[in-house]
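Asker: Before I ask anything, let me first share the structure, which is written out below as structure tokens.
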Amino acid sequence: PGLLEPTSTLIRVPKSASTLGIAIEGGAKTRQPLPRIVTIQRGGSAHNCGQLKVGQVILEVNGISLQGREHREAARIIAEAFKTKEKDYIDFLVTELN
Amino acid sequence: REKRLTLPPSEITLL
């Protein structure tokens, strides 16, 4: 069991707009080893959902761990989760801890 | 030797 587990939250973001509307920084081999939300754009699916917040760190996307993923790979996983037509939502496991 | 200081900042991607 990881230390982050007790404070992690699962947030389901419906694809309610044509964009997800978050900016992330971080990834493996950077100062911020897991992607952190730095912006939530108004009018995007994330903003419409109302539960994702700036400063949250993304641990998993649709059950896929972002641990050890470099920035571009993490960004690709999130982009593909938004693009896929298999699901009309994305599940984010996030934590406020950094 | 602070490991944290040697790691580069990350780029930012808008999704």
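Each value in this text was obtained by applying a stated rule to the coordinates, not by laboratory testing. The shown structure was predicted, so the numbers you read here are calculated from the model rather than taken from an experiment. Virtual Cβ from ideal backbone geometry, glycine too; neighbours counted across all protein chains shown.
Asker: Can you give me the number of residues within region A:58-87 that are in contact with a Leu (Cβ under 9 Å, 6 or more places away or on another chain) and within 16 Å of B:Pro9 (Cβ to Cβ)?
Answerer: Here is the first cut: in region A:58-87, the ones in contact with a Leu (Cβ under 9 Å, 6 or more places away or on another chain) are A:58-61, A:63, A:65-67, A:69, A:73-75, A:77-79, A:81-82.
Then keep just the ones that are within 16 Å of B:Pro9 (Cβ to Cβ); that gives A:74-75.
Of the residues in region A:58-87, 2 are in contact with a Leu (Cβ under 9 Å, 6 or more places away or on another chain) and within 16 Å of B:Pro9 (Cβ to Cβ).
Asker: So which residues in region A:35-60 are of a type in the set (S, T, N, Q) and either farther than 21 Å from A:Ser18 by Cβ or in contact with a strand residue (DSSP E or B) (Cβ under 6 Å, 6 or more places away or on another chain) (or both), if there are any at all? Give the steps one after another, and end with the answer.
Answerer: As a first pass, look at region A:35-60 and keep what is of a type in the set (S, T, N, Q): A:39, A:41, A:45, A:48, A:51, A:56.
Hits for region A:35-60 are A:Thr39, A:Ser45, A:Gln51, A:Gln56.
Asker: Related question: Filtering region A:29-82 down to residues that are charged (D, E, K, R) and more than 10 Å from chain B (Cβ to nearest Cβ), which residue is surrounded by the most Cβ atoms within 10 Å (Cβ to Cβ)?
Answerer: Of all residues in region A:29-82, those charged (D, E, K, R) come to A:29, A:31, A:36, A:42, A:53, A:60, A:69-70, A:72-73, A:76, A:80.
Okay, now just the ones that are also more than 10 Å from chain B (Cβ to nearest Cβ), so A:42, A:53, A:60, A:69, A:73, A:80.
Details: A:Arg42: 7, A:Lys53: 12, A:Glu60: 17, A:Arg69: 19, A:Glu73: 13, A:Glu80: 13.
Only one residue tops the list, namely A:Arg69.
Asker: Within region A:83-98, which residues are in contact with a Lys or Arg (Cβ under 6 Å, 6 or more places away or on another chain) and surrounded by 13 or more Cβ atoms within 10 Å (Cβ to Cβ)?
Answerer: A:Tyr89, A:Asp91 - these are the residues of region A:83-98 that are in contact with a Lys or Arg (Cβ under 6 Å, 6 or more places away or on another chain) and surrounded by 13 or more Cβ atoms within 10 Å (Cβ to Cβ).
Asker: Hey, can you tell me all the residues within region A:19-77 that are among the hydrophobic types (A, V, I, L, M, F, W, C), within 13 Å of A:Val94 (Cα to Cα) and part of a loop (DSSP other than H, G, I, E, B)?
Answerer: Within region A:19-77, A:Leu34, A:Leu52, A:Val54, A:Leu66 qualify.
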